[in-house]
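What follows is a single structure, written as structure tokens, with notes after it.
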Amino acid sequence: MQALAYPLTRLGRALPRGWGDFFLQLGIWLGFGLAYQLARGIADHDVAQAFQNGRLVIDLERKLHGLVELDLQRMILQAGDWTVQAVNWTYWNSQFTVVGLALLWVYFRRNGHFLRLRNILLLGNMLALVGFVLMPTAPPRLFPEWGFVDTLASSSALNHGSGLVQLASNQFAAMPSIHAADALILGFAMVSLVKWRGAKLLWTLWPSWVWFSVMATGNHFWLDIAAGIGLAALSTSIVVWAETARRRTALDRAILP
């Protein structure tokens, strides 16, 4: 027991706000995970509508700009297996692994900025859940008749039909793209928080690479990404506005006798 207590004590000292706050943050994200599963259950009950909404997105893209996702997929498939694996890796890891590790880094190294980043990400993801319930949308990979390829299924041992992935993922969460929203939010935040110029460059490029990858893997339309960008802007604006209003209220109370 003493051998276990010593490293836990050292870790507790490294926590910026102690164990209580650390477990609170974990609990908040677990709560979001539960909300995600509830939204998934609702969306899964309307499969026909999800496919209909996916066809509407295809029709709208054809009228606006064309199905550029097909061109991206052809490009990476012709480039070789390494490009396919790169976009597959990005799709699987950008949402949970990268976001989770970045949040942990901010929590430990830039804790004063953690709450704002957490709140923006949470608000954006919660608003996205509302979109998934109101407008469940099938992703491009579920429309092979249009020429879309599910690169995850064709070239990766891990795909949407794999055990825990199938259990946890929402098959009809294309609109808006949480991948796109979170990558943009995280990219902007990390550019301002990291000090190394190389890291700043990587985080500047990160959103564009994620957007490319989710289209190249057949998991999002470009309209999904556009909606995700709008979602990121909206959630950031709301959080910043709320913080400003709270500071003004606190200042007014301090000034008034």
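If Lys and Arg each add +1 and Asp and Glu each add -1, what is the summed charge of the other residues whose beta carbon sits under 15 Å from the beta carbon of residue 59?
Details: positive: 55, 62, 63; negative: 61, 69, 145, 224.
Summing Lys/Arg as +1 and Asp/Glu as -1 gives -1.
Per-residue packing, averaged as other Cβ atoms within 10 Å, sorts the ranges 207-216, 226-235, 125-134 into the order 207-216, 226-235, 125-134, beginning with the highest. What you get for the stretch 19-255, charging only the Cβ of Lys and Arg (+1) and of Asp and Glu (-1), is a dipole of about 1040 debye around the Cα centre. Annotation: extensible slack from residue 209 through residue 240 equals 8.5 nm (criterion: 0.36 nm per residue apart, minus Cα-Cα distance).
Place the peptides 112-121, 242-251, 94-103, 76-85 in order of packing, highest mean first, counting for every residue the other Cβ atoms within 10 Å and averaging per peptide. Write out the running numbers ahead of the final one.
Details: 112-121: 18.0, 242-251: 10.5, 94-103: 16.2, 76-85: 13.6.
Listed from highest to lowest mean packing, they are 112-121, 94-103, 76-85, 242-251.
Taking other residues whose beta carbon is less than 11 angstrom from the beta carbon of residue 120, and scoring Lys, Arg as +1 and Asp, Glu as -1, yields 0.
Bear in mind these aren't lab numbers, they're just calculated from the coordinates by the rules spelled out. Since this is a predicted model, take the numbers as computed values, not measurements. Neighbour counts run over all protein chains shown; Cβ positions are idealised from the backbone, glycine included.
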